[in-house]
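The values are calculated or read from the model by the stated rules, or taken from the named source; none is laboratory data. Everything numeric in this text was worked out from a predicted model, so none of it was measured. Here the Cβ is made from the backbone with ideal geometry for all residues, glycine too, and neighbour counts use every protein chain on show. The accessibility values were calculated without ligands, DNA or RNA, using every heavy atom of the protein model including side chains. Shrake-Rupley method; radii C 1.70, N 1.55, O 1.52, S 1.80 Å.
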Amino acid sequence: MSEIITQLKPEQKELIPIYGEKWLKVALSCQPLNREKATEAVTNAYAAIGLSPPEMVFFRGPLAALKAIMQNKWSQLGRVGEGGEGEKGDRFDGEFGEELDEELWEVLSLQFCDDLINRVQPWVLETIESETNYRQLLNQIDRLGISLINWLIEEPPRELEKLRANLHEERDYSELVTATLRNGFFGPVEPCISTQKLVAVTIWSDFLISVLGCQYDNNKWEILRSLTEDCGWFFPFKNVCFACDRPLIFSVDNEQRLHAEGKPAVEFADGFKVYADRGVILPEIYGKLPPSDWRCEWLLSETNAELRRVLLQGIGYDRICQELQCQTIDSWQEYDLLEIYSEVDIEPIYILKMTCPSTEKIHALRVPPNIISAREAIQWVNWGIDPPEFEVQT
């Protein structure tokens, strides 16, 4: 057995961003799905865990797939697809069988990766992971499952609402959805396997194999690579696999965080949309508008601290000072120390406001809440220099 790899050579380390960029392009791909290749990839994956090829049913996105799965689970009517979307027909006449996400992960990624990991020290993997800049993106993708469930609960599709009524359920729609998802069925939105989750494994697996020369199982690597490159999101069950086309839009900022202003950061053809600001998932009421159109009064009713922070940053303290009720604590020359008189943030909001004498334009900056005077606030902004001294130095 080859010796353990304890560190990367400089030339090897220089290749990390190249492999990261290679696979991040796959993670963000919006290219039309080749359904023949996707079917072959899934068939080979099932064969690797000793199963026959499943029936493949394709959908325009995860919302359409999840609606069909829930509809079948509730009614056992056997109808899937949306008006002829199914590649092999619109009807599925049997039980799904058990969920296979854990079994597929164990054989094709976790176990396969263990074989590679045994060749390197942990800090080598940490170096690869930190310099490919995908971990934050992966965490955001995981949260899309929660957005998908919220979509179903908050905007119930007509066909599911009608089905619930036909079932004479005493519980309301949201309770029924939550119970269905909780009882051994998606938690949250498992067993959905996304391209982005697979990319998190293939990035450094490819590096360990191609650059560091680690020994590996060629068949498992080819299956894992094909699932990553040729499939979109898919829901694997024993007898059937529900596969989704790739999104129409997948937008991130330069730090690989989900981000778009005034439009979806992620959008599928089935209508599933996700709005995000620098990695924070936004409700549609915020996300469909650019930050310049956000309303200050939203800060007064928003209970989520993370969303309040995004609103504060997007709206800007200049507008907040002008539009929200503020109390002047102290003044010094053209500067005012203000407190926003409401529970907008976790701690009190103190603002240093400066009105330009020539243009009367207002500039505002948040300062720590323990500051008690405008002059002290100016000193804090100027890195501890008292205003008169700062004027002399400048």
Inset, instruction - Could you tell me which of the residues 318, 386 is of a type outside the set (S, T, N, Q), more than 30 Å from residue 148 (Cβ to Cβ) and under 38 Å from the mean Cα position of the chain (by Cα)? - result: 318
Legend entry - Which listed residue, of 189, 177, is modelled with pLDDT under 60 and either open to solvent by less than 30 Å² (accessible area, probe 1.4 Å) or assigned to a helix (DSSP H, G or I) (or both): 189
Legend entry - Answer residue from segment 291-315, given it is open to solvent by 80 Å² or more (accessible area, probe 1.4 Å) and farther than 20 Å from residue 260 by Cα and is modelled with the highest pLDDT among those: 297
Legend entry - Single match in 272, 242, 268, 250 (criterion: within 12 Å of the chain's Cα centre (by Cα), of a type outside the set (Val, Ile, Thr) and under 30 Å from residue 230 (Cβ atoms)): 250
Legend entry - residue 162 vs. criteria open to solvent by 60 Å² or more (accessible area, probe 1.4 Å) and at pLDDT 70 or above: no
Inset, instruction - State all residues of segment 192-205 that are modelled with pLDDT of 80 or more, touching a Gly at 6+ places or on another chain (Cβ under 9 Å) and not in a helix (DSSP H, G or I); if no residue qualifies, say none. - result: 194
Legend entry - Boolean, residue 203 is more than 29 Å from residue 70 (Cβ to Cβ), crowded, with 21+ Cβ neighbours inside 10 Å and hydrophobic (A, V, I, L, M, F, W, C): yes
Inset, instruction - Counting only residues that are in contact with a Cys (Cβ under 9 Å, 6 or more places away or on another chain), give me the strands (runs of 3 or more DSSP E) lying completely in segment 227-331 with at least 1 of them. - result: 234-236, 240-244
